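Comments concern the structure below.
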Amino acid sequence: MKSFRDKRRDNRPTAKSGTGEVRPHETRGRPDPRPREPRDAKPDSQSAPNSAPRILARRDGALPAEQLPLILEVAPNADYALLDSGAGQKLEQYGPYRIVRPEGQAIWQKALPARDWERADAIFTGDTDEEGIGRWRFPKMPLGETWPMKHDGIDYLGRFTSFRHVGVFPEQASHWDHMAGLIAAAKRPVKVLNLFGYTGLASLVAARAGAEVTHVDASKKAIGWARENQEMAGLGSKPIRWIVDDAVKFAEREERRGSRYDIILFDPPAYGRGPKGEVWQLFEDLPALTDLCRAILTPKPLAVVLTAYSIRASFFAIHALMRDTFAGMGGRVESGELIIREKSAGRALSTSLFSRWVA
């Protein structure tokens, strides 16, 4: 994750990662699904800038066209499947492993019988008394910390973390596919900036599609994991810059340096603290970061994608922010929710809000 380490995505694991355990933040009434170890966990995580507050003013020009609500759905496939959910839990298939984890959004009842859930290879219990800081129980046999996984032909490492995450957020595949399509259709060199990049799947997808990628995360551990994934995917020769830095401060320096990007992905935490006590509050600080993202776009940009996991709000809030920020640039702002379609009963599990500007 994350201009701080708020971890919701463990930012992510490694903790968006950090070393300490972070209390879950609420997302519209549910714990933030992403690992926060990375963002919140460390005080040096991505923190708020020390510089003077960015002066914001409403931009002139027509607002971009809009499309909403847009529901982006991930269906079960050979790499990942949401097998069932209910009673505050979800049963997932990640490659060879069947995993049970908490899921506050699953307020319905389970559709599959208990015997299907009992076949799990790994269960996140949250009980540190017997399981240790890993907080995972392995009913069949002890499993290693990591295991090989795939996403659309890209190899990477899954990892059991102490904050219940496994190093990938499957619902983001909709954004990854959209981004890869834009890169391919551009038929020109494309520069991608991935802020709060976590373990690097989005960066690997962009690099494989032909883009030059800059991946920024405040967690050294997350960056190390991402580089490991790059080698495992056989994409070591692809142009990816791995940068350990505060996302906001990095974007500010890029603006001063005149560095520009065609596509920007950013997935900030709801809350975080910096190394000098700086505090990041999503609703207070997101407008300035969004404005910064516009400022570091190339003259012919392709897209800016914002994802928000742990906030108590409607997607209409970030939709309005994105339309105001990109006034005068034409294009379209598409906003809605990312969902995962369940295999057992076909229910939709909502994971996050998003808003993206597309040229």
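The values are calculated or read from the model by the stated rules, or taken from the named source; none is laboratory data. Predicted model only: the values in this text are computed from it and were never measured. All Cβ positions, even for glycine, are placed from backbone atoms using ideal geometry, and neighbour counts span all protein chains on display.
Considering only residues that are out of contact with any Asp or Glu (no Cβ under 7 Å at 6 or more places or on another chain) and not in a loop (DSSP other than H, G, I, E, B), which ones fall in the stretch 320-336?
A320, L321, M322, D324, E334, S335, G336 - these are the residues of the stretch 320-336 that are out of contact with any Asp or Glu (no Cβ under 7 Å at 6 or more places or on another chain) and not in a loop (DSSP other than H, G, I, E, B).
Residues in the stretch 228-255 that are under 21 Å from A288 (Cα atoms), assigned to a helix (DSSP H, G or I) and not small (G, A, S): how many?
Selection size over the stretch 228-255: 7.
Since R115 meets every condition but one in (1) part of a helix (DSSP H, G or I); (2) surrounded by 15 or more Cβ atoms within 10 Å (Cβ to Cβ), which condition does it not meet?
Result: R115 fails condition (2) only.
Among the residues of the stretch 290-316, count how many are part of a helix (DSSP H, G or I) and surrounded by 23 or more Cβ atoms within 10 Å (Cβ to Cβ).
Here the count works out to 2.
For A327, state whether it is more than 21 Å from P299 (Cβ to Cβ) and in the same structural domain as W176 (by TED's automatic domain parsing).
Considered against the rule, which asks whether it is more than 21 Å from P299 (Cβ to Cβ) and in the same structural domain as W176 (by TED's automatic domain parsing), A327 comes out as no.
Assuming P287 fulfils every condition listed in (1) touching a Lys or Arg at 6+ places or on another chain (Cβ under 9 Å); (2) surrounded by fewer than 16 Cβ atoms within 10 Å (Cβ to Cβ); (3) under 27 Å from L157 (Cβ atoms) apart from one, which condition is it?
The single condition P287 does not satisfy is (3).
Which condition from (1) out of contact with any Lys or Arg (no Cβ under 7 Å at 6 or more places or on another chain); (2) over 20 Å from Y80 (Cα atoms); (3) surrounded by 15 or more Cβ atoms within 10 Å (Cβ to Cβ) is the one that I107 breaks?
So I107 meets the others, but not (3).
So D60 passes all but one of these: (1) touching a strand residue (DSSP E or B) at 6+ places or on another chain (Cβ under 8 Å); (2) surrounded by fewer than 20 Cβ atoms within 10 Å (Cβ to Cβ). Which condition number does it fail?
(1)
Look through L282, L302, L286 and report the one residue that is in the same structural domain as V248 (by TED's automatic domain parsing), of a type outside the set (D, E) and modelled with pLDDT of 95 or more.
Matching residue, one of L282, L302, L286: L302.
Of all residues in the stretch 174-207, which are small (G, A, S), touching an Asp or Glu at 6+ places or on another chain (Cβ under 8 Å) and at pLDDT below 95?
G197
If you go through the stretch 176-190 one residue at a time, do you hit one that is closer than 30 Å to N77 by Cβ, in the same structural domain as S310 (by TED's automatic domain parsing) and aromatic (F, W, Y)?
Yes: the stretch 176-190 contains one or more residues that are closer than 30 Å to N77 by Cβ, in the same structural domain as S310 (by TED's automatic domain parsing) and aromatic (F, W, Y).
Only residues that are surrounded by 24 or more Cβ atoms within 10 Å (Cβ to Cβ) and among the aromatic types (F, W, Y): list them for the stretch 225-249, please.
The one that is surrounded by 24 or more Cβ atoms within 10 Å (Cβ to Cβ) and among the aromatic types (F, W, Y): W225.
Of all residues in the stretch 253-274, count the ones that are modelled with pLDDT of 95 or more and either more than 19 Å from A202 (Cβ to Cβ) or not hydrophobic (A, V, I, L, M, F, W, C) (or both).
So the answer is 10.
Scan the stretch 176-227 for residues that are of a type in the set (K, R) and in a helix (DSSP H, G or I) and jot them down.
If the condition is that a residue be of a type in the set (K, R) and in a helix (DSSP H, G or I), then R208, K220, K221, R227 are the ones that fit.
Would you confirm whether or not the stretch 209-224 contains a residue that is over 27 Å from V358 (Cβ atoms), of a type in the set (V, I, T) and surrounded by 18 or more Cβ atoms within 10 Å (Cβ to Cβ)?
yes
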